[in-house]
Amino acid sequence: MQKPILILGACGQIGTELTMALRAKHGAENIVASDIREGNEALMASGPFELLDATNYEAIEDVVMHYEIDEVYLMAAMLSATAEKFPMRAWNLNMNSLFNVLNLAKDRKINKIFWPSSIAVFGPNTPKENTPQNTIMEPSTVYGISKQSGERWCEYYFNKFGVDVRSVRYPGLISWKTMPGGGTTDYAVEIYHEALGKGKYTCFLNENTKLPMMYMDDAIRATISLMESDPEKLSVRSAYNLGSMSFTPKEITQSIQKHIPNFKVDYVADFRQQIADSWPSSIDDITAKNDWHWQPMFDLENTTAEMLSNLEKSL
Ligand SMILES: NC(=O)c1ccc[n+]([C@@H]2O[C@H](COP(=O)([O-])OP(=O)(O)OC[C@H]3O[C@@H](n4cnc5c(N)ncnc54)[C@H](O)[C@@H]3O)[C@@H](O)[C@H]2O)c1
């Protein structure tokens, strides 16, 4: 029988789809969604929901006890672009929420944790192409520093206290059901909305800025598959590199123009350009492939086809 799962930050870009996927798989009553705000209609209607602040240890503990929670997925965080504006708030949210769930597991109140890291753990001195699992990191953003610290703490809690915590370094995620929440790769979602809505888009990154990206379905599949893997097979307890596709704003524009030939894009780079310039262009995820058979399914062309057809239906 499936033991109950709690998702913190369930109403965001990833949490929304993760909640729905886990509810479909394990039964809605076993998946408790929570956030500091309500989520979309489908999420709210489909199963249990709690208003819950991930920085409040006692409040999380109450919910964990009430529902007899076994696993926690911690999706609450402040993302890269917003974190540059509110550094201390980002640090407090990103770190304290992680300590809360790590400590719940250390005290054996929960048994398993998923906590996402990001390609933002890498920095300007990291090899840009095919960035390896283990390499120079030196992140230069508030968000990246919090994610790298988080990775170190996850590994520490695993080694020192036997906490079963699992993580991946998500690339920029592309989805049509929920808008992204203040990251540097948000353009790759906005561009589809604007292509359909206005036929033009002003991109906040330069046309040749190549970044690692992933379609949401792949990200959800990776997350669930890592969580279901045999713990003995997992050689990484910081966070796994996770690769799929890499493209530039120019290339995503060209792929949209195959469907909407008159679509026009201009480029006005803002502060997010500097963040993007510090990140890898492509990711070597051989360790994830070897350890838990990770295999992406979506490339740029089928991502574009999925995004445009689903957004068109929901307009
Ligand atoms: N989306 C991406 O492209 C991407 C890439 C790499 C890593 N990640 C990581 O994945 C995780 C989820 O990202 P996302 O894109 O879904 O973010 P998001 O901003 O879309 O969602 C975060 C959710 O957390 C909630 N939240 C904020 N403060 C909270 C608090 N104190 N308590 C409870 N909930 C709170 C927000 O209301 C929001 O619903 C984050 O850790 C993020 O760093 C995301």
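Inside the stretch 88-100, can you point out the residues that are under 27 Å from Leu22 (Cα atoms), open to solvent by less than 40 Å² (accessible area, probe 1.4 Å) and out of contact with any strand residue (DSSP E or B) (no Cβ under 7 Å at 6 or more places or on another chain)? I'd like the intermediate steps shown before the answer.
In the first step, residues of the stretch 88-100 are kept if they are under 27 Å from Leu22 (Cα atoms); the result is 93-100.
Restricting the remaining residues to those that are open to solvent by less than 40 Å² (accessible area, probe 1.4 Å) gives 94-95, 97-98, 100.
Matches in the stretch 88-100: Asn94, Met95, Asn100.
Being away from the ligand (no atom under 14 Å from the Cβ) and among the hydrophobic types (A, V, I, L, M, F, W, C) is the filter; apply it to the stretch 65-87 and report the residue that is surrounded by the most Cβ atoms within 10 Å (Cβ to Cβ).
Residues of the stretch 65-87 away from the ligand (no atom under 14 Å from the Cβ): 65-71, 87.
Going one step further and asking which of them are among the hydrophobic types (A, V, I, L, M, F, W, C), we end up with 65, 69.
Values: Met65: 10, Ile69: 21.
The extreme case among them is Ile69.
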State whether one or more residues within the stretch 151-163 are more than 18 Å from Ser281 (Cβ to Cβ), charged (D, E, K, R) and without any contact (Cβ under 8 Å) to a residue 12 or more places away in the chain.
yes
Could you please let me know if Ala59 is surrounded by 18 or more Cβ atoms within 10 Å (Cβ to Cβ) and either touching a Leu at 6+ places or on another chain (Cβ under 8 Å) or part of a helix (DSSP H, G or I) (or both)?
no
Being open to solvent by 40 Å² or more (accessible area, probe 1.4 Å) and farther than 21 Å from Thr185 by Cα is the filter here; which residues of the stretch 113-134 pass it?
Asn134
Is it fair to say Leu93 is within 14 Å of the ligand (Cβ to nearest atom) and touching a Leu at 6+ places or on another chain (Cβ under 8 Å)?
no
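Given the stretch 150-252, what strands (runs of 3 or more DSSP E) lie entirely inside it while holding 2 or more residues that are hydroxyl-bearing (Ser, Thr, Tyr)? Steps first, please.
Details: elements: 168-170, 172-174, 200-203, 211-215, 245-247.
Strands (runs of 3 or more DSSP E) meeting the threshold: 200-203.
Take Leu242 and tell me if it is touching an Asp or Glu at 6+ places or on another chain (Cβ under 7 Å), surrounded by fewer than 19 Cβ atoms within 10 Å (Cβ to Cβ) and at negative phi.
Details: touching an Asp or Glu at 6+ places or on another chain (Cβ under 7 Å): yes; surrounded by fewer than 19 Cβ atoms within 10 Å (Cβ to Cβ): no; at negative phi: yes.
It is false that Leu242 is touching an Asp or Glu at 6+ places or on another chain (Cβ under 7 Å), surrounded by fewer than 19 Cβ atoms within 10 Å (Cβ to Cβ) and at negative phi.
For residues in the stretch 28-64 being aliphatic (A, V, I, L, M) and under 20 Å from Val163 (Cβ atoms), which is nearest to the ligand (Cβ to nearest atom)? Quick ask: steps written out before the conclusion?
Residues of the stretch 28-64 aliphatic (A, V, I, L, M): 28, 31-33, 36, 42-45, 51-52, 54, 59-60, 63-64.
Now narrow it down to the ones that are under 20 Å from Val163 (Cβ atoms): 54, 60, 63-64.
On the way: Ala54: 4, Ile60: 9, Val63: 11, Val64: 14 Å.
Checked the stretch 28-64; the qualifying residue nearest to the ligand (Cβ to nearest atom) is Ala54.
The values are calculated or read from the model by the stated rules, or taken from the named source; none is laboratory data. Since this is a predicted model, take the numbers as computed values, not measurements. Don't worry about glycine lacking a Cβ; one is built from the backbone with ideal geometry, like all the others, and counts go over all protein chains shown. SASA here: full protein model, heavy atoms, side chains in, ligands and nucleic acids out. Shrake-Rupley method; radii C 1.70, N 1.55, O 1.52, S 1.80 Å.
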